[in-house]
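The values are calculated or read from the model by the stated rules, or taken from the named source; none is laboratory data. Just so you know, these numbers come straight off a predicted model, no measurement behind them. So basically every Cβ, Gly included, is an ideal-geometry build from the backbone, and we count neighbours across all protein chains shown.
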Amino acid sequence: MAKPIEFTDSNFEKEVLNSDKPVLVDFWAEWCGPCRMIGPIVEEMAEEYEGKAKIGKVDVDSNPEVSVKYGIRSIPSLLIFKDGEVVDQIVGAVPKSHLTKQLEAQVA
C-alpha cells in the first residue's frame, strides 16, 4: 500500500526535481484544518498513482527552505512538478476530482 512520500529540504531535489515522473507535492502543517481535510485525499492518490506519479507532502514548519523557495504563503498548497518545473498549482482544500484532473493532465 503506497503512502505519500515525506519530502524535506534535504531530499526535495532528488525526489521531486530529479524525478522521471510527475510529482504532486502537498505543502501542509499539522495545525492547519484544511490541510487535514485534504490529507486523506492525498493518501488515496498516492496509492492510485503508484508507478505513474509521485505523491508526497512537505511539512512547511519543518522544511522552511523549500516552502520559501516556492513562495508558499497559504496552505494547503499543492504544486505539480514535471521535469523539475512547477507546471500547476492548487491552493486550498479542493475536491479530489479537481486534483486528479490536474494531475492526469501531466501523467498522460
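Some points to look at:
- Scanning segment 40-63 for residues that are surrounded by 13 or more Cβ atoms within 10 Å (Cβ to Cβ), more than 13 Å from the chain's Cα centre (by Cα) and part of a helix (DSSP H, G or I) returns a single hit, Glu48.
- Cβ pairs under 8 Å, 6+ apart, first in segment 42-54 and closer than 12 Å to Val107 by Cα, second in a helix (DSSP H, G or I): Tyr49/Leu103; Tyr49/Val107; Lys52/Val107; Ala53/Leu103; Ala53/Gln106; Ala53/Val107; Lys54/Glu15; Lys54/Val16
Residues checked against (1) charged (D, E, K, R); (2) touching a Leu at 6+ places or on another chain (Cβ under 8 Å):
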position: Glu15; (1), (2): yes, no
position: Glu30; (1), (2): yes, no
position: Pro40; (1), (2): no, no
position: Asp61; (1), (2): yes, no
position: Gly84; (1), (2): no, yes
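- Per-region count, segment 1-39, residues in contact with a helix residue (DSSP H, G or I) (Cβ under 7 Å, 6 or more places away or on another chain) and part of a loop (DSSP other than H, G, I, E, B): 8
- Boolean, Lys21 is at pLDDT 95 or above and either surrounded by 21 or more Cβ atoms within 10 Å (Cβ to Cβ) or out of contact with any Cys (no Cβ under 7 Å at 6 or more places or on another chain) (or both): yes
- Looking only at segment 73-92, residues that are in a strand (DSSP E or B) and of a type in the set (Lys, Arg) come to 1 in all.
- If you go through segment 64-86 and keep only what is surrounded by fewer than 16 Cβ atoms within 10 Å (Cβ to Cβ), within 18 Å of Ala108 (Cα to Cα) and among the β-branched types (Val, Ile, Thr), you end up with just Val86.
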